[in-house]
Amino acid sequence: MKNDIHDLALLLDSRVRLILVETWEESRVLEAIGMLAIKRAQTWYTWNHVEGLRRLGFGSDLDASEETADPDKALERIRRDNQPSLYVLCDLHPFLDSPRVVRQLKMLAMNHDESAPTVLLVSHALTLPPELRRLASRLSLSMPSAEQLMAIVREEAAKWSEQNQGKRVRTDNQTLEQVVRNLRGTTYAEARQLARKLIHDDGAITRDDLPVLNHAKFGLLGMNGVLSFEYETAHFSEVGGLRSLKSWLNERQQTFTAGVGIDVPKGLLLVGVQGAGKSLAAKSVAGVWGLPLLRLDFACLYDKYIGETEKNLREALQLADTMESCVLWIDEIEKGLAPDTGESGVSRRLLGTLLTWMAERKSRVFLVATANDVSQLPPELIRKGRIDEMFFVDLPGEDVRADIFAIHLTRRELPVEAFDLPALAATSEGFSGAEIEQAVVSAVYAAAARQEPLRTEDLVDTLCSTSPLSVVMAERIDALRAWAQGRAVMAD
C-alpha cells in the first residue's frame, strides 16, 4: 500500500490531471486514495453510474439537488470545481464512446493549473480514445511479495484455528513455500480468497491441494480460449525411458521452482517419432515440479480479421506470464508455425511474436514445445537463448519397452509378475509407447470378451497382428533419425 500511495503522490505532484488505474481491486484503490487525501488534507470524491458523485473525507458538500449519476453531468460538475480535489470515477469505460464525455475529459486533462481537479478512472479494463491517450498516465498497483503472500496464508490459518477451537492447520514448510510460489501473480484479495479456500476445505495444506489451487487461480485470472488449464498432469514414473531428459530436468528443478540465480531455465523442445512419449513427457515436467500446466492451442489462435490472430497470441502469452510459475506446453508447434500458403503472412507474424517473447521474457514460464515434423521448424525457433535444449525422443529400446508394459499393466490393476515382460519387449520391437498401450488395451478387450484372464500369449498375438508406425512409415522415420544425429540430444 505504501508503494501505491507513493506512486500516486508523484503523479499528483507532476500535475497529471487524468490518471488511469486498471485493477479488479477497486476497494484497495479507494483505500489508498483515501489515505493519501487525508495525509495531504485534500478533498476527494467518488463517482459511479448508480450513486453519482459522493464526497468522502473533508471538503464542501455537493448540492443535493444536483443530478450527477449521468457521466456527462458529473464531468460538468467536476469542471466547475476550482479546488485541487481528487475525483475517482469508477467504471466510466462504457461511456468512453460518447463525444461529450471524451471532450470533457480532454478539457480536464489539459488544465494544469495548481487549483485544477484531478480525475482518476478506475476499472478492470480501460481503453482510451486516441485523443486522450497522450494526456493520461497509468498507475499500476503493486502485487504482493512472497513475504506478504506468506503473511496472508498465515492470517487465514490463524482465523481458521480461532473458528475451530484452536486446532492447528496441518502443513509442512516445503508445501507452504510451494503454495506461496503458486500464489504469485494474484492480487491481495485473490490470494486471500485462494488461501481461505485451501484451508477451510479440510484444515490442511498438502501437496494434493496444489492442483486445486492452480486450477482456482487459473479461473480467477479469467484464462480461457486459446489457453487451457491441464488439470491432470503426469509423473515421470508413468514415462518409460527418457533417462537423459529426466536427469536434465532434475538438475534444473530447484533453480526454476525456487527462482535461485539469474540463469533461470527457459524451456526445451522435444522432437521425434509420433507416439514415443513427447506429450506425456511435457505433462510430466509440470507434475514433477509441482507447477500448473497450461496448454496453448494454435488452432484457436487464428481469426479471420487482420491482426486479431497475433493479438490472441500476445494475450495468451501475457496470461501465462501472469500465471507464473508455470509450464507452458505447445503441442505440435510446427503445425501452428508452418509457412503460409497465401500472402497474408500470419504465421510469420505469429513466429515473430513468439520469438520475441521467448527471448525477452522475465517471468518464470517454462516452455515445453513438441514437434513431429522437424522440416517445418524455422531455424530461429531452436537457437540457444530462446530454448535451453532440443531433445530427440526415439522409439523405446527393449528394456524401456518392458518398463512401458509394466506401467500399463499396473495402471489396469493387472499382476505384472504374471506376464513375461522380456518376451513382450522382444516381440514389440519397433513399437512406440502409444502403440504398446493400445496393444494392451486391445488384448484386455479380447480377453474380457472371452471371459478369460489376460495372458502373455494374448498380448503377443495382438502385437503380431498389427504393424507399427516404424514399419508403415519406415522411410520417414529413418530420415528423422538421420536428421537428429548431431543436431539434438538423445532423450534416452
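The values are calculated or read from the model by the stated rules, or taken from the named source; none is laboratory data. Only a predicted model underlies this, so the values are computations on that prediction, with no experimental measurement involved. Please note: Cβ atoms are built from the backbone with ideal geometry, for glycine as well, and neighbour counts cover all protein chains shown.
Collect the residues in the stretch 57-76 that are modelled with pLDDT of 90 or more and buried (at least 17 other Cβ atoms within 10 Å of the Cβ), keeping them in residue-number order.
71, 74, 75, listed by residue number.
Mind checking which residues of the stretch 259-288 are of a type outside the set (Gly, Ala, Ser), crowded, with 21+ Cβ neighbours inside 10 Å and modelled with pLDDT under 80?
Residue satisfying the conditions is 273 alone.
Take the stretch 149-169 and flag every residue that is exposed (fewer than 15 other Cβ atoms within 10 Å of the Cβ) and under 28 Å from the mean Cα position of the chain (by Cα).
Scanning the stretch 149-169 gives 151, 154, 155.
Table: residues versus (1) touching a Leu at 6+ places or on another chain (Cβ under 9 Å); (2) closer than 26 Å to residue 475 by Cα; (3) surrounded by fewer than 20 Cβ atoms within 10 Å (Cβ to Cβ); (4) of a type in the set (A, V, I, L, M, F, W, C).
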| position | (1), (2), (3), (4) |
| --- | --- |
| 320 | yes, no, no, yes |
| 327 | yes, no, no, yes |
| 352 | no, no, yes, no |
| 368 | yes, no, no, yes |
| 373 | yes, yes, yes, no |
| 393 | yes, yes, no, yes |
| 398 | no, yes, yes, no |
| 411 | no, no, yes, no |
| 428 | yes, yes, no, no |
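Residue-wise test of (1) part of a loop (DSSP other than H, G, I, E, B); (2) under 30 Å from residue 220 (Cα atoms).
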position: 16; (1), (2): yes, no
position: 28; (1), (2): no, yes
position: 53; (1), (2): no, no
position: 100; (1), (2): no, no
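Filter the stretch 355-381 for residues that are small (Gly, Ala, Ser) and at pLDDT 80 or above and give the result.
Initially, the stretch 355-381 is screened for residues small (Gly, Ala, Ser), giving 359, 363, 369, 371, 375.
Residues satisfying the conditions are 359, 363, 369, 371.
When the residues of the stretch 77-115 are filtered to those that are of a type in the set (A, V, I, L, M, F, W, C) and surrounded by fewer than 20 Cβ atoms within 10 Å (Cβ to Cβ), which remaining residue is nearest to residue 30 (Cα to Cα)?
Per the criteria, the residue is 90.
Exactly one of these conditions fails for residue 146: (1) of a type outside the set (Phe, Trp, Tyr); (2) within 23 Å of residue 292 (Cα to Cα); (3) over 28 Å from the mean Cα position of the chain (by Cα). Give me its number.
Only one criterion is unmet by residue 146, namely (3).
Restricting attention to the stretch 177-211, which residues are free of Cβ contacts under 8 Å to residues at least 60 places away in the same chain and part of a loop (DSSP other than H, G, I, E, B)?
Answer for the stretch 177-211, where residues must be free of Cβ contacts under 8 Å to residues at least 60 places away in the same chain and part of a loop (DSSP other than H, G, I, E, B): 183, 186, 203, 205, 206, 208.
Report those helices (runs of 4 or more DSSP H) wholly inside the stretch 430-483 carrying at least 2 residues which are under 18 Å from residue 414 (Cα atoms) and of a type in the set (A, V, I, L, M, F, W, C).
Qualifying helices (runs of 4 or more DSSP H): 433-450, 456-464.
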